[in-house]
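*Asks:* Structure incoming, see below.
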Amino acid sequence: MNLSKLRVLAKRLKTQQELACRLWETDDTAARLLAILICRPKAFERDALDVMLRQARSPKVHDWLVNYVVKKSPYCEELRLAWSADQDPVVASAGWALTTERVAKKPEGLDLQGLLDVIEAQMKDAPDRLQWAMYHCLAQIGIERAEHRARALDIGERLEVLKDYPTSPGCTSPFAPTWITEMVRRRHDRATA
């Protein structure tokens, strides 16, 4: 499926909530991605978003639903809390993705120490999608919050998740200590330039 062509089609169709709902019901990945692009995120009720997330088993549909729809929903925080505690690791990964967004944009009220405790205890053995979501949260805490950076770096070093991940030349390794250090360095360089 060509995502560029899908985006062009969505731009031509513009927002069409009823069509988006019908496309979602097809259970087809391309149709669901198009539905996400043409829907009105704030038109969905909380329970509908919960059902949609549980139906979204394609990683791309899951990611787009969280990023393009749920993050714009008035139920975002309520769903973040519910999904983070869900027993289904794919659903829980959505909660962690929303938590990572909060760490970056609105950390007030988050228990960052508690999040690091959970990451430290559970991330190493978590299923892949959940592990990545927790890992991204760990890195975001280390990048954004200087007061928690040493602990985030330490957790990354000790757990060694993604330590040997193949990285293309010129790209930053996703290994948390490397990723955190590099992002902090770039921000510092921009601030002093």
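The values are calculated or read from the model by the stated rules, or taken from the named source; none is laboratory data. Since this is a predicted model, take the numbers as computed values, not measurements. We place every Cβ from the backbone using ideal geometry, glycine too, and count neighbours over all the protein chains shown. Please note that ligands, DNA and RNA were not included when accessible areas were found on the heavy atoms of the full protein model with its side chains. Shrake-Rupley method; radii C 1.70, N 1.55, O 1.52, S 1.80 Å.
*Asks:* Step through the table entries Lys124/Lys163; Lys60/Lys163; Lys42/Lys71; Lys71/Lys106, compare each Cα-Cα distance with 19 Å, and write down the pairs that go over it. Walk me through the numbers on the way to the answer.
*Replies:* Values: Lys124/Lys163 12 Å; Lys60/Lys163 25 Å; Lys42/Lys71 10 Å; Lys71/Lys106 12 Å.
Checking Cα-Cα distances, Lys60/Lys163 exceed 19 Å.
*Asks:* Right, another one. For region 90-121, which GluC sites (Glu not before Pro) are in a loop by DSSP, counting at most 13 other Cβ atoms within 10 Å?
*Replies:* On the way: sites: Glu101, Glu108, Glu120; in loops: Glu108.
When the GluC sites (Glu not before Pro) of region 90-121 are filtered for loop state and at most 13 Cβ neighbours within 10 Å, Glu108 remain.
*Asks:* Treating the angle as unsigned and between 0 and 90°, give the value, to the nearest 10°, between the Cα long axis of helix 176-192 and the longest Cα principal axis of the chain.
*Replies:* Its long axis makes an angle of about 90 degrees.
*Asks:* If you roll a 1.4 Å probe over region 1-102 with all protein chains in place, what percent of the accessible area is carbon or sulfur? List each step's numbers first, then the result.
*Replies:* On the way: 2810 of 5310 Å².
Roughly 53 percent, rounded to a whole number.
*Asks:* Another question about this same structure. Over the chain, give the accessible area per residue in Å² for a 1.4 Å probe, as an integer. All intermediate terms of the calculation are to be shown ahead of the outcome.
*Replies:* Values: 10620 Å² over 193 residues.
Heavy-atom SASA per residue in the chain reads 55 Å².
*Asks:* Right, another one. Under the rule of -39500 (n - 2.57) per DSSP H run of 4 or more residues, summed and divided by the residues of the chain, what mean residue ellipticity at 222 nm is obtained, to the nearest 500 deg cm²/dmol? Walk me through the intermediate numbers first.
*Replies:* Numbers: 11 runs with 131 residues, N = 193.
So the calculated ellipticity at 222 nm is -21000 deg cm²/dmol.
*Asks:* Between Ser173 and Leu81, how many nm apart are label points set 7 Å from Cα along the C-beta direction?
*Replies:* Each label point lies 7 Å from its Cα, and together they span 3.9 nm.
*Asks:* Would you calculate the separation in nanometres between label points at Arg46 and Gln16, each defined as 7 Å from the Cα along the Cα-to-beta-carbon direction?
*Replies:* 3.2 nm
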